[in-house]
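Inspection log for the structure reproduced underneath, given as structure tokens.
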Amino acid sequence: MRRTATMAAAVALAGAGAGMARWLSSRRAADPGGDPREANRWLPVTVNRSPEEVMPEGRLPEPLVRLGDTVEVRVRKAPGGRGTELAARLLEPPPQGARGAVARISGDDPRQEVRRALREAKSLLETGEVLRPDEPSTNRPTATGKVLDLAIRRASGEGRL
Amino acid sequence: MKALCWQGVNELSVEEVPDPQILNAQDVIVKVRLTTTCGSDLHLLGGYIPAMRAGDVIGHEFIGEVVAVGSEVRRHKMGDRVVVCSFISCGRCWYCENDLWSLCDNGNTNPGIGQALFGYEPGGVFGYSHAMGGFKGSHAEYVRVPFADHGAFPVPEGVDDTSALFASDSAPTGWMGAHLGGVKPGDVVAVWGCGAVGQMAARAAMLLGAERVISIDRHPERLAMTERHVGAETIDYSATDVGAELRERTGGRGPDVCIEAVGMEAHDTGVQGVYDQVKQQLRLETDRPSAVREAIYACRKGGSVFVLGVFGGTVDKFPLGAMMNKGLTVRGAQQHGQRYIPMLLERMAKGELKTSHLATHLMPLDEAPKGYDLFKNKKDGCVRAVFHPGT
Ligand SMILES: NC(=O)c1ccc[n+]([C@@H]2O[C@H](COP(=O)([O-])OP(=O)(O)OC[C@H]3O[C@@H](n4cnc5c(N)ncnc54)[C@H](O)[C@@H]3O)[C@@H](O)[C@H]2O)c1
Ligand SMILES: [Zn+2]
Ligand SMILES: [Zn+2]
């Protein structure tokens, strides 16, 4: 089981907690001979709305619709009245290995945009808005602060989703 | 405006920061009337909560007045006196609709950090690290309150600021521990910790019908306060074997419900405590869980243990065997305040729930670093330092 543990050590600095070390090590790299889905999985969110509300007349919700034909989208009713499972997958697999890790740090990993679009679509459908973060205040520049800033900038597009 | 900023481990300062603005149509801006220290802040101060950035405004338990209202806010108007839940929750996701408000899907703007830490991100909180959304805290003159229709509550006229303040965080946290811990009429309940959270949990257990409530701490003034204002029995753990004492007081059964209100910096008189402290300092174990361990051993067979104390990572020597073989239910949560706040304010108005005694030290916001020194080091009988940002 190989893990992309690139920025892990750096971010461990930013947060004292050991858990931060898992920031970028949370996803398995595609392993030749392993499960080919690891290279490009479906990214799903569950929306607490009916499928008709999520896709009225078959139209994709904002801002997911703006990803156009870079993604395929799957919609199905969630079990137990939990709403709608809305999933997207890149048509072109994202960069892997070291190149993939660099893309994640620089913000060029296309999955980040897909995750952000899914989360925003969910929030718009459920609440009518996408919560904006507070602007960071004064903030004395520190070494760990810089690393954390990077993690914060990527946080809306990262995660296990 | 003035605000109290976290600058590094055990380093706080009052700074001039920009005034908050309405950023979403469902926001209000609250002019803070009172804001208080919480045991959770001590974990930030100690550097045990990851993703804090120098300059972050802390504070999450507060009461104030609405001074600006976003265009989509329906339930509040200028001038309303409101108490605000420490958790920022949308009211419309599956978690909010199922009364699991601190797990809201839409209140944490940095989900990637929480997912890396915990698998799934917790909700957003005021002034509690970028893993919990990076929102600015309430130890300030003004604070932006997102999803205000769901998180801000009007305070009944008969309830004064100092009492209502604690409906923001400590009172609903304590109530949740007793409620979701499953306290039933006739139960014997033990509560670890006589801070504001532990005292509120003990009071909630009584109001839910517990026949006996036994609170555990080591600070004589906190034990005395809990006896006097909450009406619980107490145990001084620095002088007594807690397990033996609980066995004796419960006819050998053990408490039906054990509520832990201590958290990751628990103090321990034994060898195990030294072990935890060393490992935590070396970051080999992020949290010190001695009260949780003790609760799991002391709890009766088939009983329930509720963890209210905040933990951020991993612990050693968790008594999984005791938990499994005794058939315990172990549960924890960040507080689902929105579920309880209106009911708690009503109980305050009726005089069933007293909280103002918790505010042992009232001072201007400028003196907040001193307030945290009193609170952290439990000096001068401090249970909660309360700051008033106004002049
Ligand atoms: N779950 C939530 O949503 C939530 C909300 C608020 C606070 N909290 C947490 O609750 C905990 C308590 O908060 P507080 O404001 O009352 O803090 P506090 O620091 O005022 O009180 C903690 C008390 O625990 C006592 N204590 C320490 N070690 C002990 C032990 N081994 N056995 C028994 N008592 C022990 C201390 O003497 C102290 O009186 C903190 O961990 C805080 O982070 C959780
Ligand atoms: Zn708190
Ligand atoms: Zn929600």
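The values are calculated or read from the model by the stated rules, or taken from the named source; none is laboratory data. Source: prediction; values computed, not measured. Methodologically, a virtual Cβ is constructed for each residue, glycine included, from the backbone with ideal geometry; neighbour enumeration extends over all protein chains shown. For accessibility, only protein heavy atoms count, side chains too; no ligands or nucleic acids. Shrake-Rupley method; radii C 1.70, N 1.55, O 1.52, S 1.80 Å.
Test residue B:340 against the criterion of being touching a Phe, Trp or Tyr at 6+ places or on another chain (Cβ under 6 Å), within 14 Å of ligand 1 (Cβ to nearest atom) and away from chain A (no Cβ under 14 Å), and give yes or no.
Considered against the rule, which asks whether it is touching a Phe, Trp or Tyr at 6+ places or on another chain (Cβ under 6 Å), within 14 Å of ligand 1 (Cβ to nearest atom) and away from chain A (no Cβ under 14 Å), residue B:340 comes out as yes.
What about residue B:207, is it buried (at least 24 other Cβ atoms within 10 Å of the Cβ) and more than 14 Å from chain A (Cβ to nearest Cβ)?
no
Could you check how many residues of segment B:76-117 are farther than 26 Å from residue B:156 by Cβ, facing chain A (nearest Cβ under 7 Å) and among the hydrophobic types (A, V, I, L, M, F, W, C)?
Count: 5.
Tell me which residues, restricted to segment B:252-267, are in a loop (DSSP other than H, G, I, E, B) and open to solvent by less than 10 Å² (accessible area, probe 1.4 Å).
Once the filter is applied, which keeps residues that are in a loop (DSSP other than H, G, I, E, B) and open to solvent by less than 10 Å² (accessible area, probe 1.4 Å), segment B:252-267 yields B:254, B:255, B:263, B:264, B:266.
Quick one: would you say residue B:72 is assigned by TED's automatic domain parsing to the domain that holds residue B:139, open to solvent by less than 10 Å² (accessible area, probe 1.4 Å) and among the charged types (D, E, K, R)?
No; evaluated as a whole, the condition is false for this residue.
State which residue is nearest to the chain's Cα centre (by Cα) when the search covers only segment B:175-185 and only residues that are in a loop (DSSP other than H, G, I, E, B) and crowded, with 24+ Cβ neighbours inside 10 Å.
The qualifying residue nearest to the chain's Cα centre (by Cα) is B:181.
For segment B:89-103, which positions are buried (at least 24 other Cβ atoms within 10 Å of the Cβ) and more than 13 Å from ligand 1 (Cβ to nearest atom)?
Within segment B:89-103, B:90, B:93, B:96 qualify.
Just to verify a result, which residue in segment B:111-129, among those that are without any contact (Cβ under 8 Å) to a residue 40 or more places away in the chain and assigned to a loop (DSSP other than H, G, I, E, B), is farthest from ligand 3 (Cβ to nearest atom)?
Here the residue is B:119.
Any residue that is closer than 21 Å to residue B:212 by Cβ and out of contact with any Leu (no Cβ under 7 Å at 6 or more places or on another chain) - is there at least one of those in segment B:259-280?
yes
How many residues does segment B:148-174 contain that are open to solvent by less than 10 Å² (accessible area, probe 1.4 Å) and among the aromatic types (Phe, Trp, Tyr)?
Residues in segment B:148-174 being open to solvent by less than 10 Å² (accessible area, probe 1.4 Å) and among the aromatic types (Phe, Trp, Tyr): 1 in total.
Hey, could you check segment B:75-88 for residues that are in a loop (DSSP other than H, G, I, E, B) and not small (Gly, Ala, Ser) and say which is most open to solvent (accessible area, probe 1.4 Å)?
Top of the filtered list is B:75.
Which pairs have Cβ atoms under 8 Å, sit 6 or more apart or on different chains, and link a residue in segment B:294-321 that is in the same structural domain as residue B:256 (by TED's automatic domain parsing) and among the polar types (S, T, N, Q) to one that is open to solvent by less than 10 Å² (accessible area, probe 1.4 Å) and more than 16 Å from ligand 2 (Cβ to nearest atom)?
If the second residue must be open to solvent by less than 10 Å² (accessible area, probe 1.4 Å) and more than 16 Å from ligand 2 (Cβ to nearest atom), the pairs left are B:304/B:181; B:304/B:257; B:304/B:258; B:314/B:285; B:314/B:287.
Can you say whether residue B:25 is assigned to a loop (DSSP other than H, G, I, E, B), of a type in the set (A, V, I, L, M) and crowded, with 20+ Cβ neighbours inside 10 Å, as far as the supplied structure shows?
Here the answer is no, as residue B:25 does not meet what is asked.
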